[in-house]
Amino acid sequence: MPVVEMTEDSQTLEGLLHLCYPPCYETPFQELDEAYGLLEAAKKYAMDGVLDFLIQRLLTFAEASPVQVFALAVRFQLGHEVELAAARAFLNHSIDNRTLRGFEELRHITVPEYLSLLDFRDRCVAAAVVCFDDYHWIDAKKWSWMICGTCAASTEYTVFKNGYHQKPTRWSTRMMSRCRSLVLAKPSGKVLTTQACTAVALVMAGKCTGCCRSCAPNELGEFMALLAAEVDKAVAQVGVTNLEMGTD
């Protein structure tokens, strides 16, 4: 039998063949760093069916390793679906520059391609914080703890839904300010679903002798879910057509 020399290692070739003869769609890699060789070989040999399967498997790593998945998607031109999934997952992370410098995957994409990821994040931040700078979406009358007449009120009037003007309670204003800071670091509604967002607010509400003490514990959870949904809705407007990766 003739021998064909191949540059791929045995683990990569075994993974490819495992998906082809016969088609056996078992997971060919357990760790993200095992995907590089498989993706490179699948692209090299134009194995579209294998590549499609690898892409779906790669998407499962996006939430935990968004930057690496993004870099792989760009490097191997895997399409906007993977790029956008990784970019959106990146919104749930706060990664410092030292950590980013340690990602070997970033060495295989261009500076403009990497900057497009950061630009996408910045545009998502700008969209998300609008929820905290404009209260027209909030029905203040529904949340009695926000406009309680017993608690100390903020110094300025706020315009709520349907043009309703009111000075919100000072502690609710501080809570919204803390939430805004969290969203600036991680522009995603997910960051607002933790107990840390309401823990301090509940303590302050408990000092109220009026409706806050009784209403806040029951209403804050529902309000935070609404706030998280509003943030996610705003971020969702930053869509794939605005994410210019340079891979078309």
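Readers should treat all values here as calculations from the given coordinates under stated rules, not as data from a laboratory. All figures in this text were calculated on a predicted structure; none of them were measured in a lab. Note: ideal-geometry Cβ built from the backbone for every residue, glycine included; neighbour counts use all protein chains shown.
When the dipole is taken about the Cα centre of the chain, and only Lys, Arg (+1) and Asp, Glu (-1) are charged at their Cβ, what size is it in debye, to the nearest 20? Write out the running numbers ahead of the final one.
Values: 23 positive and 30 negative charges, 407 e Å.
Result for the chain is approximately 1960 debye, rounded to the nearest 20.
With the contact rule set at Cα under 8 Å and sequence spacing of 6 or more, what percent relative contact order holds for segment 144-247?
Details: 104 pairs, mean separation 29.3, N = 104.
The value is 28 percent.
Taking the convex hull of the alpha carbon atoms in segment 1-89, what volume per residue do you get, in Å³?
Working: hull volume 8.2 nm³, N = 89.
So the per-residue hull volume is 92 Å³.
What ranking do 180-192, 5-17, 40-52, 61-73 get when scored by the average of other Cβ atoms within 10 Å per residue, highest first? Each step should come with its number before you reach the end.
On the way: 180-192: 18.6, 5-17: 13.3, 40-52: 15.6, 61-73: 21.9.
Ranked from most to least packed, the peptides come out as 61-73, 180-192, 40-52, 5-17.
Hey, got the dipole for segment 154-215? About the Cα centre, +1 on K and R Cβ, -1 on D and E Cβ, debye to the nearest 20?
Working: 10 positive and 1 negative charges, 19 e Å.
Here segment 154-215 has a charge dipole of around 100 debye.
What is the packing order of peptides 222-229, 169-176, 95-102, 129-136, taking the mean over residues of other C-beta atoms within 10 Å and listing the highest first? Don't skip to the answer; put the middle values down first.
On the way: 222-229: 16.9, 169-176: 20.9, 95-102: 9.0, 129-136: 14.8.
Sorting 222-229, 169-176, 95-102, 129-136 by mean packing, highest first, produces 169-176, 222-229, 129-136, 95-102.
Rounded to the nearest 20 Debye, what is the dipole magnitude of segment 109-248 about its Cα centre when Lys and Arg each give +1 and Asp and Glu each give -1 at the C-beta?
About 820 debye.
What residues qualify as long-range amide H neighbours of Thr158, i.e. H under 5 Å apart, gap of 5 or more or another chain, H built at 1.01 Å from N?
Gln166, Lys167
Would you give the gap between the C-alpha center of segment 73-123 and the C-alpha center of segment 130-193, rounded to a whole Å?
Using only Cα atoms, the two centres lie 33 Å from each other.
In segment 1-109, with Lys and Arg counted as +1 and Asp and Glu as -1 at Cβ, which of these residues, Ser94, Leu38, Gln77, has the Cα nearest the positive end of the dipole, that is, farthest along it?
Final value for the positive-end residue is Ser94.
Go through segment 162-175 residue by residue and turn each phi into a ³J(HN,Hα) via Karplus (6.51, -1.76, 1.60, θ = phi - 60°); whole Hz please, and just put x for glycine and proline.
Residue by residue, segment 162-175 yields 6, x, 5, 9, 6, 8, x, 4, 5, 6, 6, 5, 5, 4 Hz.
Could you run the Karplus curve 6.51 cos²θ - 1.76 cosθ + 1.60 with θ = phi - 60° over segment 224-236 and give me ³J(HN,Hα) per residue in whole Hz, x for Gly and Pro?
Karplus values, whole Hz, x for Gly and Pro: 5, 5, 5, 5, 4, 5, 5, 5, 5, 5, 5, 5, 4.
How far, in degrees from 0 to 90, does helix 35-44 lean away from the longest principal axis of the Cα atoms of the chain, to the nearest 10?
Its long axis makes an angle of about 60 degrees.
Pick from Ala87, Ala199, Ala128 the residue whose mean-square fluctuation is largest in a GNM of the chain, springs joining Cα atoms under 10 Å.
Highest fluctuation among the options: Ala199.
Before rounding to the nearest 500, sum -39500 (n - 2.57) across all DSSP H runs of length at least 4 in the chain and divide by the residue total; then give [θ] at 222 nm in deg cm²/dmol.
Working: 11 runs with 131 residues, N = 248.
Calculated mean residue ellipticity at 222 nm is -16500 deg cm²/dmol.
Count of lysine pairs in the chain with Cα atoms under 25 Å apart, counting only pairs 8 or more residues apart in sequence or on different chains?
14
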